[in-house]
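I have placed the structure first, in the form of structure tokens, so that the comments after it can refer back to it.
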Amino acid sequence: MKKSNNKAAAEAITVNRRRLLNNDAPFAMKEAYVKLRTSLMFCMTADKARPCKTFAVTSAKPSEGKSLTAANIAISYAMLGKRVLLVDADMRKPTQRRLWKVELSTGLCDYLAKIWQLELAKVTELPLWIVCTGTIPPNPSELLSSDRMKSFVESCADYYDYVIIDTPPINTVADAQIISTFVDGVVLVARSGNTTADELNAATAAVRRAGGNLCGVVLNGLNMKSVKYASKYKYGDKYGYRYSYSESYGAK
Ligand SMILES: Nc1ncnc2c1ncn2[C@@H]1O[C@H](COP(=O)(O)OP(=O)(O)OP(=O)(O)O)[C@@H](O)[C@H]1O
Ligand SMILES: [Mg+2]
């Protein structure tokens, strides 16, 4: 039983890795991320002083595609030759380490708790570095609200062109709200056919309550063949851009 569970988990990781953006990805997928990247490049900080460099990626609830979207936003910037840091700040359900097969066992938590120095992984040819979650603490929210976390993001912004932070669902725990207070912009992911309007409204309200700069909503997994459905979907129009990538579209 345990063996078959392990096999299923390994297969799931392989499938997820195939969903990472690359040069051989289907045209529609690449196009969707180019559009998303371009939209984000035009996003200004809350005081309109400069374009956003640091982004938190969150969503209303679990499994809406935050981690995959964060990873693919990071890849799409790196494909432009930009220096990108992808930070896994989801201490509830770390994903990036498995997604990228990173060997490091330490990460953000160890650094914030002053247990270990910050370790970065470079897992592709692209100018993209990854910080994993590391040793999960009993008090993620406290660590994330520390001055050390704030100055970590600030110093990363000095060194990298873009910093993309993967976070837990904002309607479930406070972590993404905390992070949204010190990043330039917040990207919300909504999953087509899954996220309800009420859930999305609650998520946008949570970002605003925290004083976060909501850059837009990514509509993930939209069935592009379903034009009728697409035209009914209001999220993209309301918040400035619409991105969608669906598996069915991915078939070559
Ligand atoms: N557009 C998509 N098409 C197909 N599968 C997708 C898509 N987006 C995400 N998935 C899959 O859905 C699952 C959940 O995605 P992901 O881990 O990115 O979500 P999450 O919001 O980060 O979840 P959690 O809240 O648990 O951290 C993964 O198996 C991922 O590969
Ligand atoms: Mg995740």
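The values are calculated or read from the model by the stated rules, or taken from the named source; none is laboratory data. Because the structure is a prediction, the values reported are computed rather than measured. Reconstructed Cβ throughout: ideal geometry from the backbone, glycine too, with neighbour counts over all protein chains shown. Note: accessible area is taken over every heavy atom of the protein model, side chains too, but ligands, DNA and RNA are not part of it. Shrake-Rupley method; radii C 1.70, N 1.55, O 1.52, S 1.80 Å.
Give me the extension gain from Glu142 to Lys114: residue separation times 0.36 nm, minus the current Cα-Cα distance, reported in nm with one decimal. It would help to have the intermediate numbers written out before the result.
Working: separation 28, 0.36 × 28 = 10.08 nm, distance 1.35 nm.
Length difference between fully extended and current span is 8.7 nm.
Label-point separation (nm) for Arg83 and Met41, each offset 7 Å from Cα along Cα-to-Cβ?
Spacing of the two 7 Å Cα→Cβ label points: 1.9 nm.
Would you please give the residues with an amide H less than 5 Å from that of Leu214, counting only those at least 5 places away or on a separate chain, with H modeled from the backbone geometry?
For Leu214, the qualifying residues are Val186.
Kindly flag which residue pairs out of Lys66/Lys114; Lys30/Lys53; Lys48/Lys93; Lys66/Lys122; Lys30/Lys101; Lys30/Lys93 have an alpha-carbon separation exceeding 30 Å in this structure. Walk me through the numbers before you get to the answer.
Working: Lys66/Lys114 27 Å; Lys30/Lys53 21 Å; Lys48/Lys93 33 Å; Lys66/Lys122 21 Å; Lys30/Lys101 22 Å; Lys30/Lys93 27 Å.
As for pairs spanning more than 30 Å Cα to Cα, those are Lys48/Lys93.
What accessible area, in Å² to the nearest ten, does a 1.4 Å probe give for Asp147?
120
Take the Cβ-Cβ distance between Phe27 and Asp161 as r, set R0 to 25 Å, and report the resulting FRET efficiency rounded to the nearest 0.05. Display every interim value, and only then the final one.
Values: r = 26 Å, r/R0 = 1.03.
After rounding, the FRET efficiency stands at 0.45.
Rounded to whole Å, give me the distance from the Cα center of the stretch 205-227 to that of the stretch 31-64.
Here the answer is 10 Å between Cα centres.
With a point put 7 Å past each Cα toward its Cβ, work out how far Thr196 is from Lys93 in nm, to one decimal.
For the pair Thr196/Lys93, the computed spacing is 1.9 nm.
How far apart, in nm, are two points set 7 Å out from the Cα along the Cα-to-Cβ line at Ser105 and at Ser151?
2.9
Find which of Ala70, Asn194, Gln117 sits farthest along the positive direction of the dipole of the stretch 66-213, computed with +1 on the beta-carbon of Lys and Arg, -1 on that of Asp and Glu, about the Cα centre.
The residue sitting farthest along the positive end of the dipole is Asn194.
For the stretch 138-177 and the stretch 79-107, what is the separation of their C-alpha centers, rounded to whole Å?
So the two Cα centres are separated by 13 Å.
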